[in-house]
Amino acid sequence: MKKIGLYQIVFSALLVMACDRETSSGDTCGDGVLDLGEQCDSAELNMETCQTLGYHGGQLLCDSECSYDTSLCEATGQCGDGIIQADQGEECDGIDVGSRTCASQGFEEGIIACHSDCRLDTSGCYTCGNDVIEADEECDGESFGDENCELHGFSGGTLTCLSDCTISNESCHVCGNGTLEGSEECEGSDLGGTTCLDLGYYGGALSCTENCEFDAGDCENFGYCGDGTIEAGIEECDGTEMNGHWSCTDLGYYPNGNSLSCSGECTYDTSACAFCGDSVIQSDFSETCDGSNLGLTTCSSLSFSGGTLSCNSCSFDFAACIGVTWQKVACGGDFTCALGTSGNVFCWGEGTAGQLGDGRLHDSLTPVAVFMPPGRVFTDIEAGTATVCAIDDLNHAWCWGRGLSGELGAGSGVLSSGIPVPVNMPVGRTFYSVSVGGSTVCARDNQSELWCWGSNAYGQLGTGNFIGSFTPQKVDGITGVYQFSTGISQVCVTTNARELYCWGNNAYGQIGDGTTVSATTPVLISTGTMEPWYIATGQAFTCSAEHYTSMMCWG
C-alpha cells in the first residue's frame, strides 16, 4: 500500500510539471505569431492592408488585443461611409449623389441612384423620344411594346405616342358604327370625298371594305403611273417601259450619247439631253449661241464696228451689226467666204456640203458665221469647189465642207464636216498659206516647201503616182516656194529663184510644157525672158505675171 501511494505521488507531480510547461509555451498576443482567434499580431497583419479592407488608403495597424487598428485607414474614407470621396473616383456614396440628376447625365427625367461600388446608377433615368420605352414611359416614338388599338377596346386603327411618351388612342376607331373617325379611310358609303383620281389612278369607282379601308379594285382597271404599263394617250413611259425611246436622239435631241429615263410623273426625263433652245451653247453640235446666251461674242469681236448681236436657231444673227471690215474674200463653187479683220470667217451661198461652216447643211442668201475653233482666229482662207481651208494664228490648217477625196486632210475617217476640222499637220512643220482647187488642197510650210492632199486622179499631188491622200504629202523637187495655186486638177508654183513649176492635168495644155500629157511630178516651165512672180490656175488654164509688168496665160 505504501508502495502504491508513492507511485501516485510521483505521477501527480509529473502532471503538474507538464501543465506548467504547456502554459509557458502557449498562445500569447504580442509574440508576433498569428494564433488562432487573432486578426493580427504586432507587425503580422495576415497580408491585409487598408485597401484590402475597403478603404481608399492609409496604414493598417495591430492593437494590443491583436485586432486590426483601422484608425489611419478611416482617415482616407471608404465606399459606403456616406461621404463622396471624389479624389478617389467616387461618383456617389449611399444616398448621396451630390448635385447629379438624370438631366445632368443627359436624360430627360427619372431618379438617379448609387451603385454599391459608388458609381452612378442611371437605370431609373429615361429620355422620351429615343424610340426606347424606359422607366415609366408608356411608349416612345414608334415603340409601343405590346400595346395596340384592340387592347384599348377598339376594332382597329393606330395608336399615337404623344410628346410626353404617353399613349393616345385618338386614331383608333370602331369600324361599322356608321361614323368616319380616327384612322378609318372610309365607313360604308362615306369615302370622305376621296376618288380613284385622288389615289393616283386614271379612273374607276372607289368603294369601302368591311375593315373601313379603301377598295381600289375598280380603280386598278384604269391604271396609274408606276404600274409598269404605259397608258396610251396619258403616259409617255412608265418605270422601265420607255415605249421604244431609250436615248436623247430618239426624241430628236442632240446625239450626246446620254440615255432617257422615266420621271415619277410618267413623262420622259430629258434633263440629260441637249438641244437648241436650252440656253447652253453646245459647241460639239455647232451651236455658236443659244437664246440670249452669246458667250462673250459681240458684233465687234466678229469684225463689225458696232451694233447688236443676236441669236437665231443657235447661230449668230448679226443683221443688226454694222460696219464690217474684211481683209480677204475667197470665192468657191457657188458660195463665197470672207475673212474679217478680227480673224472670224463668214460664208454665204450654197452650203449643202457643209462649206458654209456653221454646222448645218443649208444654203444661205446672207453671210453666216463660221464656227470658229475655240481660242483660235484665222489669218488666211481659200475656197475650192465645195471645200474651204484656213490657216490659224498658230499656223495650223483647218478645213471644212466636202472631203470625199481627202481634201479635208484630217484622215480617212473624215469625209465631210460642217465645221472646221484640224488638218493632220506634218511633224515639225507649220503652214503659212493655203490654196484649194477642185478636190485638191496645197499648203506652203515654214521651210518654203509644198504639201498637197486630196484627189490625185491626174497626178496633181506631185508624188509621182495617182494615189490620193487624206493627209498632207510633201511635193519633192521644189524648194524656196514663193507663190502657188491649185486649179481644178493642176498645180503651179513660182519659187524665190523666179522659176515656174506645174504638174497634174494637162489635157488642154494648162501645165504649159508644150504637150497635153499629164505630169505626176513638178515640171519646170520656160517663160522666156519673163520672171514669174505670181501664178493663178483656173479650170483648164494657167496665168503667170511678172512683178508689176507683163503677164502670160496658157491652156
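The values are calculated or read from the model by the stated rules, or taken from the named source; none is laboratory data. Source: prediction; values computed, not measured. Every residue, glycine among them, receives a Cβ derived from its backbone with ideal geometry; neighbour counts consider all protein chains shown.
Checking the condition farther than 21 Å from Ile488 by Cα, polar (S, T, N, Q) and in contact with an Asp or Glu (Cβ under 9 Å, 6 or more places away or on another chain), which residue from Thr440, Thr430 passes?
Thr430
Considering segment 49-65 alone, what residues qualify as being part of a loop (DSSP other than H, G, I, E, B) and either closer than 27 Å to Ser116 by Cβ or touching a residue at least 40 places away in the same chain (Cβ under 8 Å) (or both)?
Listed by number, the residues that qualify are Thr49, Cys50, Gln51, Thr52, Leu53, Gly54, His56, Gly57, Gly58, Gln59, Leu60.
Output the residues belonging to segment 435-475 that are in contact with a Gly (Cβ under 7 Å, 6 or more places away or on another chain), surrounded by 24 or more Cβ atoms within 10 Å (Cβ to Cβ) and among the polar types (S, T, N, Q).
Ser439, Thr440, Asn456, Gln460
Would you confirm whether any residue within segment 462-475 is of a type outside the set (Lys, Arg) and either touching an Asp or Glu at 6+ places or on another chain (Cβ under 7 Å) or farther than 26 Å from Ala410 by Cβ (or both)?
Checking segment 462-475: not a single residue is of a type outside the set (Lys, Arg) and either touching an Asp or Glu at 6+ places or on another chain (Cβ under 7 Å) or farther than 26 Å from Ala410 by Cβ (or both).
Which members of segment 191-217 meet the condition of being among the charged types (D, E, K, R) and surrounded by fewer than 15 Cβ atoms within 10 Å (Cβ to Cβ)?
Asp198, Glu210, Glu213
This table checks each residue for (1) within 16 Å of Ala536 (Cβ to Cβ); (2) not assigned by TED's automatic domain parsing to the domain that holds Gly409.
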residue: Gly454; (1), (2): no, no
residue: Tyr458; (1), (2): no, no
residue: Thr463; (1), (2): no, no
residue: Val493; (1), (2): yes, yes
residue: Asn496; (1), (2): no, yes
residue: Glu499; (1), (2): no, yes
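How many of the residues in segment 246-262 are touching a helix residue (DSSP H, G or I) at 6+ places or on another chain (Cβ under 9 Å), surrounded by fewer than 16 Cβ atoms within 10 Å (Cβ to Cβ) and not small (Gly, Ala, Ser)?
Within segment 246-262, residues that are touching a helix residue (DSSP H, G or I) at 6+ places or on another chain (Cβ under 9 Å), surrounded by fewer than 16 Cβ atoms within 10 Å (Cβ to Cβ) and not small (Gly, Ala, Ser) number 2.
Quick one: in segment 150-186, of everything that is acidic (Asp, Glu) and at pLDDT below 85, which residue is surrounded by the most Cβ atoms within 10 Å (Cβ to Cβ)? Quick ask: steps written out before the conclusion?
Going through segment 150-186, the residues acidic (Asp, Glu) turn out to be 150, 164, 170, 181, 184-185.
Applying the additional criterion that residues be at pLDDT below 85 yields 150, 164, 170, 181, 184.
Values: Glu150: 11, Asp164: 12, Glu170: 13, Glu181: 17, Glu184: 24.
Restricting to residues being acidic (Asp, Glu) and at pLDDT below 85, the top hit is Glu184.
When the residues of segment 406-433 are filtered to those that are in contact with a Lys or Arg (Cβ under 8 Å, 6 or more places away or on another chain) and assigned to a strand (DSSP E or B), which remaining residue is nearest to Thr336 (Cα to Cα)?
Taking the candidates together, the pick is Gly418.
If you check every pair at least six apart or on different chains, which have Cβ atoms under 9 Å apart with a residue in segment 235-254 that is within 24 Å of Tyr224 (Cα to Cα) first and a residue that is assigned to a helix (DSSP H, G or I) and not polar (S, T, N, Q) second?
Once the first residue is within 24 Å of Tyr224 (Cα to Cα) and sits in segment 235-254, its partners that are assigned to a helix (DSSP H, G or I) and not polar (S, T, N, Q) give Met242/Asp250; Gly244/Asp250; His245/Leu251.
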